Amino acid sequence: MPNQIARYLKLHKTSIILALVCLGLYYTFAYHLERTDFIKLLTLFAALFFLFFKLIQFEKWNFKFLVICGVAFRVVFLLTEPNLSQDYYRFIWDGQLILNGINPYLFTPDTLMGQPDFVLANAQELHNGMGALSARHFSNYPPFNQYIFAITAFFGGKSILGSVIAMRTIIILADIGIFYFGRKLLKKINRSPHVIFWYFLNPLIIVELTGNLHFEGVMLFFFIWALYLLSVKKWVLAAVPYALSICVKLVPLIFLPLFLTYFKRKQSLLFYTLIGVISLILTLPFFAPEFLNNYSETVGLWFSNFEFNAGFYNALKKIAIQFDAKPWELIKSYGKITAFGLIIVTLLFTFLAKNQKLSNLIANMLWILTIYYFISATVHPWYVIFLVLLCIFTDYRFAIIWSAAIVLSYFAYAQIDFKEHMGLLAVEYISVYGFLIYEIFSRKGKNPKFLKN
């Protein structure tokens, strides 16, 4: 046994050193980084992406080694609060409200804080931490996500860090689930299973999900589970995790029309009915006369009020301002056009593209979401995680490039007024557009050079 260990250490010495360096960098990221220090943040990300690439290059067939690395990199973050996002304060707030019998869809934090008899554990700290924008709006997180908030608030007790640890544990388990079902799905569609590590070890995924506690990972766990069930012809069962996925984050709702042409007509109707019934059951405990209005109003803000890390929209705004357009009016009009455009694009892929095979269905999902993010006025770094997962089931890898380039958008976090640097955003989008064009015209149907076996 000692000889075997010594032989293993000698054979994998370089990879072990790289993994240990990654652990040190993730530790620095988790415990010794302020989001205002953009240079340090960028340096850490650049180093982690380089090491992530080398680890897969050296050990892509060493399943156990890379799995242990992926889990270890996540566990490093376990005992610290997020340092790049304040959303978790709102997660804990909503969970505490539910535990106290208060519907988070009916009262804004500002309203509740103004009530003299309102009592909530760490209320003032949570209210201050979530920021003024979140505090003056109703919750926009779907019902199943709210149940998770309540569970983590229960196990966290009155401790903010305790709730953070509970949330982080769920997100880590979800990522392991994505790895498990993602690898099985890759085998079912005759793709090399090792490419799941382009998701599992990707620094953006580790930092934004485990580090910053975004629940895209939980959504994607149910989503990829549903796709796997489709691959083994268990489409009725697939409706359950697909509904749960929608009820964690609404994004998979975009793809529902595609199932009209993936299934036969009766199957698609039953699939939609099951998803609708499950979603309704999850929503009923929160339902009240004001629910629909409050929730739709809050979700609508993402289309008409917010802008961050936009590609096409920033170019359009720069041109429009030259003609005396007012930015606050432009974003409202543009948001409506974007929503309408997304519907048109989805319908085109539903009725004009081939969706009968699961591999084609996933590819069309990738294109729909890509087009949406290209034209969207708001593209937070964690949004790209969905594209990263979808792309590994296709011949395209531009989303992996985007997962690295989108780090440039963090420059705004270092500014007091969150002002973006248009030059850095130009570099981000030019690199993504450039690589995508290269893949479309030069390597269609082939693996990119850096992924060849």
Looking only at helices (runs of 4 or more DSSP H) that fall completely inside the stretch 228-294, which ones have 1 or more residues that are open to solvent by less than 70 Å² (accessible area, probe 1.4 Å) and within 30 Å of Thr111 (Cα to Cα)?
235-246, 265-283
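Per-residue answers, yes or no, for (1) within 28 Å of Tyr147 (Cα to Cα); (2) at pLDDT 90 or above:
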{"residue": "Tyr272", "(1), (2)": "yes, yes"}
{"residue": "Ile275", "(1), (2)": "yes, yes"}
{"residue": "Trp302", "(1), (2)": "yes, no"}
{"residue": "Lys332", "(1), (2)": "no, no"}
{"residue": "Phe351", "(1), (2)": "no, yes"}
{"residue": "Asn360", "(1), (2)": "no, yes"}
Looking for something in contact (Cβ under 8 Å) with a residue 40 or more places away in the chain, of a type in the set (Gly, Ala, Ser), open to solvent by less than 10 Å² (accessible area, probe 1.4 Å) and in contact with a Lys or Arg (Cβ under 7 Å, 6 or more places away or on another chain) - is there at least one such residue anywhere in the stretch 406-416?
yes
So Leu229, is it touching a residue at least 40 places away in the same chain (Cβ under 8 Å) and over 22 Å from Leu347 (Cβ atoms):
no
Flag for Glu297 being within 23 Å of the chain's Cα centre (by Cα), at pLDDT below 85, more than 26 Å from Thr370 (Cβ to Cβ) and not in a loop (DSSP other than H, G, I, E, B):
yes
Could you tell me whether Val218 is closer than 30 Å to Tyr27 by Cα, outside any helix (DSSP H, G or I) and open to solvent by less than 30 Å² (accessible area, probe 1.4 Å)?
no
Could you tell me which numbered condition Phe58 fails, if it satisfies all but one of (1) over 30 Å from Glu125 (Cβ atoms); (2) touching a Leu at 6+ places or on another chain (Cβ under 7 Å)?
(2)
Pair list, Cβ under 8 Å, 6 or more apart: the stretch 378-393 residue farther than 12 Å from Phe223 by Cβ, other residue among the acidic types (Asp, Glu):
Thr378/Glu307; Pro381/Glu208; Trp382/Glu208; Trp382/Glu216; Tyr383/Glu216
Of everything in the stretch 375-393, what is surrounded by fewer than 21 Cβ atoms within 10 Å (Cβ to Cβ) and over 16 Å from the mean Cα position of the chain (by Cα)? Give them in sequence order.
Ile375
Among (1) among the basic types (Lys, Arg); (2) in contact with a helix residue (DSSP H, G or I) (Cβ under 9 Å, 6 or more places away or on another chain); (3) part of a helix (DSSP H, G or I), where does Arg191 come up short?
(3)
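So which residues in the stretch 417-446 are at pLDDT below 85 and either surrounded by 14 or more Cβ atoms within 10 Å (Cβ to Cβ) or among the aromatic types (Phe, Trp, Tyr) (or both)?
Quick first cut of the stretch 417-446, residues at pLDDT below 85 only: 417-418, 442-446.
Those that are at pLDDT below 85 and either surrounded by 14 or more Cβ atoms within 10 Å (Cβ to Cβ) or among the aromatic types (Phe, Trp, Tyr) (or both): Phe418, Arg443.
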Quick one: would you say Arg183 is part of a helix (DSSP H, G or I), open to solvent by less than 10 Å² (accessible area, probe 1.4 Å) and modelled with pLDDT of 95 or more?
no
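Please count how many residues of the stretch 186-219 are of a type in the set (S, T, N, Q) and at pLDDT 95 or above.
3
The values are calculated or read from the model by the stated rules, or taken from the named source; none is laboratory data. Keep in mind the model is a prediction, meaning the values are calculated, not measured. Note: ideal-geometry Cβ built from the backbone for every residue, glycine included; neighbour counts use all protein chains shown. These accessible areas exclude ligands, DNA and RNA; they are computed on the full protein's heavy atoms, side chains included. Shrake-Rupley method; radii C 1.70, N 1.55, O 1.52, S 1.80 Å.
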